[in-house]
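Worksheet for the structure shown next.
The values are calculated or read from the model by the stated rules, or taken from the named source; none is laboratory data. Note that the structure is a prediction, hence the values are computed from the model and not measured. FYI the Cβ positions are ideal-geometry reconstructions off the backbone, even for glycines, and counts take in every protein chain you see. Only protein heavy atoms, including side chains, enter the accessible area calculation; ligands, DNA and RNA are left aside. Shrake-Rupley method; radii C 1.70, N 1.55, O 1.52, S 1.80 Å.
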Amino acid sequence: MKMLKYAWQSGPKQRSRWLWHLSNQIWKRSYSSKIRNIGILAHIDAGKTTTTERMLFYAGKTRALGEVHRGNTVTDYLTQERERGITICSSAVTFPWNDHRINLLDTPGHIDFTMEVEQSLYAVDGVVVVLDGTAGVEAQTVTVWSQADKHKLPRLIFVNKMDRPDADFEKCVSDLKDKLETQPVCLQYPVKNEDGVLAINDVITLERLSWQQKDLGRSYRNVKLEPSDDLRVLQEKRNELIDQLSGLDDELADVVISTESFDNVDNALIERALRRATSQQKVVPVLLGSAYKNVGIQRLMDAVNAYLPAPEERNQIYDCFGTEVAGKVFKIVHDKQRGPLTLVRILRGEIKRGMRLISARGQAEVVSKLYEPLADEYREVGAVQSGDVVICAGLKSTVTGDLLTSSQSALKNAQKRYKQSLGDTASKAEEDDELDESAELFAIDPQIPDAVYFCSIEPPSVSSQTAMEQALKQLQREDPSLRVSYDSVTGQTVLGGMGELHMDIIKSRILSEYKIDVDLGPLQIAYKETIEAPALTTLSVEKEIAGSKQSVSITLEVVKNQAELFSLDKSPENLPNLNTLRPRILQVLRKGSISALERGPRVGGQVVETQIRLHNATIGRGTADSFVMATAAQCVQKLLSTSGTRLLEPIMALQIVAPSERISGIIADLSRRRALINDVLPKGERNKMILVNAPLAELSGYSSALRTISSGTASMTMQPCGFSSMNSVDESLAERRAQGLE
């Protein structure tokens with residue numbers, strides 16, 4: 001206000017400039033308040049893509065309803081997605097709804113593509129979690145919920161498939177409380193007529209909503225309930241909702257206390273209190289419907305606008321950028337005509353066509369074109385404001401997770417302002433949270449989960465080698481969870497992935513998109529290794545290279561430790577020598593030693609739960625860093641061979657749902673697979689759910705075996721749950737498999 005007063009007194013020219021600046025800021029804030037950036041998350045087959053297609057249809061973005069089983073959906077545009085009927089890559093779509101702009105990211109539900117979900121959550125301000133009304137909270141629901149927790153995202157629940165006879169709304173709400181430990185508030189309840197047609201009772205408005213199927217659900221009727229048992233029950237639900245929210249919201253509590261009645265609380269006040277409680281993640285609103293039967297989608301979009309936050313209400317951490325550009329790269333796709341396309345969430349500032357941007361890596365890029373996202377369709381735009389999602393063409397070096405800004409100085413100034421703001425934190429706990437956010441904010445590399453499977457990949461001919469390498473480079477840029485490495489021992493290119501389906505999709509995409517019929521070797525389990533006992537050794541190497549004498553003598557020890565990978569032994573006899581080593585030499589020794597842990601002596605697995613301690617090192621004058629690094633790696637490899645290693649195998653957590661009469665046969669088969677049965681729970685009236693942990697090595701082709709055992713009546717989901725040690729017999733078998741002898 002002081003600056004505005006000064007500008008007003010400075011003369012008409014300065015006054016005019018400040019008025020323009022103020023009006024521009026007000027317009028930008030008004031524009032941002034009408035944007036909703038949301039992700040749609042769920043377990044596989046819960047109906048995410050069908051729900052998204054209905055949103056696009058009712059918003060007028062598409063002219064026909066896309067159906068997964070017909071392969072004509074907008075968001076599942078890859079050939080592999082349409083053939084299999086599942087979402088593989090997250091896709092962004094933009095559509096208007098009731099004077100708002102919704103940017104929606106449709107994400108995969110399969111465990112193999114969890115990384116796609118993780119990337120997408122950087123770009124959104126809230127999420128819609130879709131539940132299957134017949135199944136409730138499932139395995140992948142828990143996974144995506146924990147991912148949303150990590151990003152502190154407000155949530156809505158949409159209970160889908162409520163038209164089905166076996167749908168159980170109360171069971172879904174109970175699952176939300178028990179399995180996700182959240183506080184659901186039901187805004188709607190299902191009701192069916194004699195023919196089983198689904199309608200919805202609205203708790204806030206006390207109306208019954210029924211959809212017209214003649215126009216594909218475009219219109220619906222909302223009728224006030226007449227005095228009846230249904231109205232009385234719904235009024236009780238409304239009073240319970242007000243009572244629950246009044247304990248969380250001061251404005252609503254003041255009105256309830258002053259009027260001494262729940263009946264005098266108007267709908268707008270309830271909705272404002274619900275919005276605040278949802279944004280603060282104190283409650284999770286629950287809505288319902290049937291996407292396939294075109295019921296409840298419009299009210300879900302209304303709830304997105306009403307209860308999920310606008311961009312300006314979140315991401316205050318990025319205020320340190322001021323008016324400078326700050327954008328987070330959350331996905332990269334390759335288009336045949338346009339080349340690499342980078343999806344960016346604009347957190348501060350404005351990105352324009354032709355603008356020069358700097359990544360956190362320090363690489364300069366120029367935005368050649370900007371597009372509005374609609375899956376694999378693009379509409380060119382000239383500029384995009386803060387809070388929006390945009391596709392940038394022309395960025396060649398940017399990778400997923402990069403932070404983009406207008407200049408290197410803007411990035412440094414933002415870091416400086418952020419560190420200054422940390423001094424004002426109220427408590428140690430808040431300061432720790434801020435530091436975690438800072439690491440996430442300025443991080444260069446995304447956190448990529450460990451690969452579960454490995455396999456070799458070979459081109460059909462030597463002439464296709466370069467094309468295959470280029471294809472893998474592009475696919476890896478799109479999908480950071482795909483690991484590509486070169487095995488110097490076998491001379492092969494090795495792929496690492498999150499599961500059998502992931503590897504199969506990669507092969508299929510290389511064939512369909514790059515026309516290279518690659519050959520994948522047999523899938524190998526990604527075992528890890530750990531030392532059996534501590535070991536200490538000294539390695540001295542002298543060699544003359546190009547007339548220069550290279551000399552290194554190093555003493556290292558390996559011990560069991562899960563904390564840090566490399567440390568110095570600061571005992572009195574070793575400390576004087578270590579103090580003479582320059583920091584650069586210590587860094588070289590550290591890098592060489594840790595590199596040796598990437599490949600264990602038994603099956604080439606990563607060595608974990610192991611720490612390397614440097615006791616002593618003598619480096620000859622003029623010795624090259626590469627020679628020092630190689631000697632350190634050689635010394636660690638010698639130690640691992642001396643101490644011996646044990647294998648650790650990946651363990652999978654399975655949820656198997658099957659009819660009660662099939663359970664005994666399934667359990668008998670699992671016992672032959674070294675599985676640990678954790679629990680057997682009732683699932684509905686006729687089914688039971690088996691919770692089991694089993695080694696991944698025993699689960700090859702298990703989905704087909706399960707269908708055979710259960711005559712096609714059982715379903716299964718699985719996800720990684722850590723590593724476990726093996727007995728000597730199983731270790732020998734694993735070694736023989738790794739050597740191709742089994």
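Key figures for this structure:
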| read-out | value |
| --- | --- |
| Neighbours by Cβ (under 8 Å, 6+ apart or cross-chain): first from segment 462-489, within 26 Å of D112 (Cα to Cα); second open to solvent by 90 Å² or more (accessible area, probe 1.4 Å) | V484/K473 |
| Residues of segment 708-739 that turn out to be assigned to a loop (DSSP other than H, G, I, E, B), among the hydroxyl-bearing types (S, T, Y) and surrounded by fewer than 13 Cβ atoms within 10 Å (Cβ to Cβ), as a count | 1 |
| I516, sole failed condition from (1) modelled with pLDDT of 90 or more; (2) among the aliphatic types (A, V, I, L, M); (3) farther than 22 Å from P650 by Cα; (4) not assigned by the TED database to the domain that holds I457 | (4) |
| Odd one out for G644, checked against (1) open to solvent by 50 Å² or more (accessible area, probe 1.4 Å); (2) under 38 Å from the mean Cα position of the chain (by Cα); (3) not aliphatic (A, V, I, L, M) | (1) |
| Residues located in segment 545-576, provided they are open to solvent by 40 Å² or more (accessible area, probe 1.4 Å), under 25 Å from A624 (Cβ atoms) and outside any strand (DSSP E or B) | A546, G547, L565 |
| Test: V657 is open to solvent by less than 40 Å² (accessible area, probe 1.4 Å), part of a strand (DSSP E or B), at pLDDT below 90 and not assigned by the TED database to the domain that holds P522 | yes |
| Condition met for V233 (at pLDDT 90 or above, in a strand (DSSP E or B) and either under 22 Å from the mean Cα position of the chain (by Cα) or at negative phi (or both)) | no |
| Of residues in segment 581-599 being open to solvent by less than 100 Å² (accessible area, probe 1.4 Å) and not small (G, A, S), the one farthest from Q634 (Cα to Cα) | L581 |
| Selection count where residues are under 23 Å from F321 (Cα atoms) and part of a strand (DSSP E or B), scope segment 377-410 | 9 |
| Where a residue in segment 677-695 is touching a residue at least 40 places away in the same chain (Cβ under 8 Å) and its partner, wherever it lies, is open to solvent by 50 Å² or more (accessible area, probe 1.4 Å) and in a strand (DSSP E or B), with Cβ under 7 Å and at least six apart | N693/L676; N693/N678; N693/C721 |
| Selection count, segment 195-232, where residues are among the charged types (D, E, K, R) and open to solvent by less than 20 Å² (accessible area, probe 1.4 Å) | 1 |
| Residue list for segment 520-544, filter: under 30 Å from C721 (Cα atoms), acidic (D, E) and assigned to a strand (DSSP E or B) | E529 |
| Failed item in (1) part of a loop (DSSP other than H, G, I, E, B); (2) surrounded by fewer than 24 Cβ atoms within 10 Å (Cβ to Cβ), with T73 passing the rest | (2) |
| Residue satisfying all of: in segment 348-376; in a strand (DSSP E or B) and without any contact (Cβ under 8 Å) to a residue 24 or more places away in the chain; farthest from the chain's Cα centre (by Cα) among these | A364 |
| Test: residue in segment 336-346 that is hydroxyl-bearing (S, T, Y), open to solvent by less than 20 Å² (accessible area, probe 1.4 Å), touching a Ser or Thr at 6+ places or on another chain (Cβ under 7 Å) and outside any strand (DSSP E or B) | no |
| Complete set of residues in segment 350-374 that are over 26 Å from F95 (Cβ atoms) and either modelled with pLDDT under 90 or in contact with a Phe, Trp or Tyr (Cβ under 7 Å, 6 or more places away or on another chain) (or both) | I358, S359, A360, R361, G362, Q363, A364, E365 |
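Residue-wise test of (1) touching a helix residue (DSSP H, G or I) at 6+ places or on another chain (Cβ under 8 Å); (2) assigned to a helix (DSSP H, G or I).
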| residue | (1), (2) |
| --- | --- |
| L241 | yes, yes |
| Q244 | no, yes |
| L248 | yes, no |
| V255 | yes, yes |
| V265 | yes, no |
| E271 | yes, yes |
| L274 | yes, yes |
| K282 | no, no |
| K293 | no, no |
